[in-house]
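Everything below concerns the one structure shown next.
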């Protein structure tokens, strides 16, 4: 029990920091830690994937909330663009959440396969970019691209418990030519709006899990939330002073770590 508390707290520290630093909400860390914790709680296998996604989304909501507050203080918020992305993201994420993810049809095995495919695609995008030595310059993208990016990111958020930024940031960078710092800020804004709606749905999900409110276990998540509160604002401040390339490389490193972790789980 004590080992799990320490593990969750450290996940909150690391996830909170990278949420602020990379703009991905921290879900890239939470989805590696929560499966080990929930499997020890003997959750019904039919609900395991849904519980992992729901609690990861809750952790992302907390980290994005405090990261966005820090961006507001730094005056690095892009309201119009964020709303254009967030509305379709909420629609697609809630649709998938209600009709598929929070049902017995979405198994833990499907969850791991989806993450492996997603991480592989993201790494492929960055590999192509680096091999062609592309540079990203700010241009004015079309509103329709924001809307499409929101729909895609919302779906990824529901299926992967990742907040959606894991796909939104590459889309903003390589499809819409947005620099990494602006993409990170817009990503956090979208995550906050979308995960607020998803968390409300998960709180009132009609399932029978002892110690849970809907699909969320506040007792289990408490150490992680404490870690997030400590580290998330610090991550934003560090990113504000860092070069965009460092943020991008950190993003790629954590993508590789998650890919290896999920391949190992699937094989074992």
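The values are calculated or read from the model by the stated rules, or taken from the named source; none is laboratory data. Fair warning: this is a prediction, and the values are worked out from it, not measured in the lab. Cβ atoms come from the backbone with ideal geometry, glycine included; neighbour counts cover every protein chain shown.
Observations on the structure shown:
- Summed over segment 85-108, residues that are part of a helix (DSSP H, G or I) and at pLDDT below 90 total 1.
- Every residue from segment 182-204 that is touching a strand residue (DSSP E or B) at 6+ places or on another chain (Cβ under 9 Å) and buried (at least 24 other Cβ atoms within 10 Å of the Cβ): 202
- Residue 47 meets each of the listed conditions (1) at pLDDT 85 or above; (2) surrounded by 24 or more Cβ atoms within 10 Å (Cβ to Cβ); (3) over 11 Å from the mean Cα position of the chain (by Cα) apart from (2).
- Applying the criterion of at least 1 residues that are in contact (Cβ under 8 Å) with a residue 24 or more places away in the chain, farther than 30 Å from residue 87 by Cβ and in contact with a helix residue (DSSP H, G or I) (Cβ under 6 Å, 6 or more places away or on another chain) to the helices (runs of 4 or more DSSP H) found wholly in segment 160-268 leaves 218-241, 244-267.
- Some residue of segment 58-81 being over 29 Å from residue 186 (Cβ atoms), out of contact with any strand residue (DSSP E or B) (no Cβ under 7 Å at 6 or more places or on another chain) and either surrounded by fewer than 15 Cβ atoms within 10 Å (Cβ to Cβ) or touching a residue at least 40 places away in the same chain (Cβ under 8 Å) (or both): no
- Against the test of being under 15 Å from the mean Cα position of the chain (by Cα), in a helix (DSSP H, G or I) and within 19 Å of residue 166 (Cβ to Cβ), the options 66, 58 yield a single qualifying residue, 58.
- Filtered residues of segment 97-118 (kept if under 22 Å from residue 147 (Cα atoms) and crowded, with 20+ Cβ neighbours inside 10 Å): 97, 118
- Out of 13, 52, 6, sole residue that is part of a helix (DSSP H, G or I), within 17 Å of residue 232 (Cα to Cα) and at pLDDT 90 or above: 13
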